[in-house]
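> Dumping the structure here so I can ask a few things about it.
We did not get these values from a lab; they are worked out from the coordinates using the rules stated. Predicted model only: the values in this text are computed from it and were never measured. Reconstructed Cβ throughout: ideal geometry from the backbone, glycine too, with neighbour counts over all protein chains shown.
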Amino acid sequence: MGILIGTQGWNYAAWVGSLYPPGTRPSEFLSTYARAFRGVEVDSTFYAIPDAKVVRAWGERTPADFTFALKMPKEVTHERRLRDADDVVSEFLDGARQLRSKLGPILLQMGPDFEPDELPALEKFLPTLPVDLRFAIELRQSGWMRPDVLPDLQELLAHHGIALALSDGRWIARDTMLEQIERPTADFLYVRWMGPDREITDYSRVQFDRSEEMRAWSAALKSAASTRDIFGFFNNHFAGHSPASARELQRLLGQQPVDPEALRRQRSLF
């Protein structure tokens, strides 16, 4: 079992000079990122199914042990709301499988308007997912955590081996999310650090101290790591600069982060 910590996305020009060495071109972002972290959550797949050659390029630019977690297209989660979406899911997963061993969990990010009264749609959708892939679902409507709803949700997810994504954001209380670590519904945990402030526009530096939150998460994840794999990804809005947040959590977990200065030294050798 292991804990993989990374960020949500890699294609940020604002990271040049902070994570990426000065002079790094956009075409070099992913390969440089992969020298700092072992995995990434791909946000772009939420907006459109990527071309096959794009997916192949991701695999070619990363080392053999790298992991891509992909977001299910919003056409499935937001537009069709899990209904009559077999064609889109099939097309998306066919492309995703090109990553082979580098393909990690698939995230179903549901909108905040997806409420518990739509549980029947979820019950009908989950059995259609292939059992050889890992899936996680993020539910942003707090009603899913109600005592009269949560047990049925957990039973459904556990029956299909789907992880309930744990999100540190503005939708559901952090303590509620931390409690779910002790009630896993899959053989892995999936954590997303989103942050409460969506007004951040400068992604080049940390702007908020999230050390207290980090300590709470690290303690909980350490206790869970002996029984299941853990995937965790930071958004820039969590503290301002997600690579720094990821490194901070890695240190708290006893991992050895890659210093951006090491990336600069590597670049200077070429």
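> Might you check whether a residue that is in contact with a Lys or Arg (Cβ under 7 Å, 6 or more places away or on another chain) and surrounded by fewer than 14 Cβ atoms within 10 Å (Cβ to Cβ) occurs anywhere in the stretch 173-192?
yes
> Given S167, S204, which one is closer than 19 Å to D43 by Cα, polar (S, T, N, Q) and without any contact (Cβ under 8 Å) to a residue 40 or more places away in the chain? Steps first, answer last, please.
Details: S204 fails: without any contact (Cβ under 8 Å) to a residue 40 or more places away in the chain.
S167 is the lone residue from the list that is closer than 19 Å to D43 by Cα, polar (S, T, N, Q) and without any contact (Cβ under 8 Å) to a residue 40 or more places away in the chain.
> Here's something else I'd like to know. Collect the residues in the stretch 27-63 that are of a type in the set (G, A, S) and touching a strand residue (DSSP E or B) at 6+ places or on another chain (Cβ under 6 Å), keeping them in residue-number order.
Residue satisfying the conditions is G39 alone.
> Another question about this same structure. Looking only at the stretch 110-122, which residues are aliphatic (A, V, I, L, M) and surrounded by fewer than 18 Cβ atoms within 10 Å (Cβ to Cβ)?
Selection gives L119, A121.
> Among F66, F37, F46, F29, which is among the aromatic types (F, W, Y), within 16 Å of S90 (Cα to Cα) and touching a helix residue (DSSP H, G or I) at 6+ places or on another chain (Cβ under 9 Å)?
Just one listed residue meets the conditions, F46.
> What pairs come out if I take residues in the stretch 114-132 that are under 15 Å from L153 (Cβ atoms) and pair them with residues that are part of a helix (DSSP H, G or I) whose C-beta lies under 6 Å away, six or more apart or interchain?
Every condition considered, the pairs that remain are E115/G143; P116/G143; P116/W144; L126/H160.
> When you look at L107, is it touching a Lys or Arg at 6+ places or on another chain (Cβ under 7 Å), closer than 21 Å to D87 by Cα and either surrounded by 15 or more Cβ atoms within 10 Å (Cβ to Cβ) or without any contact (Cβ under 8 Å) to a residue 40 or more places away in the chain (or both), yes or no?
Criteria met by L107.
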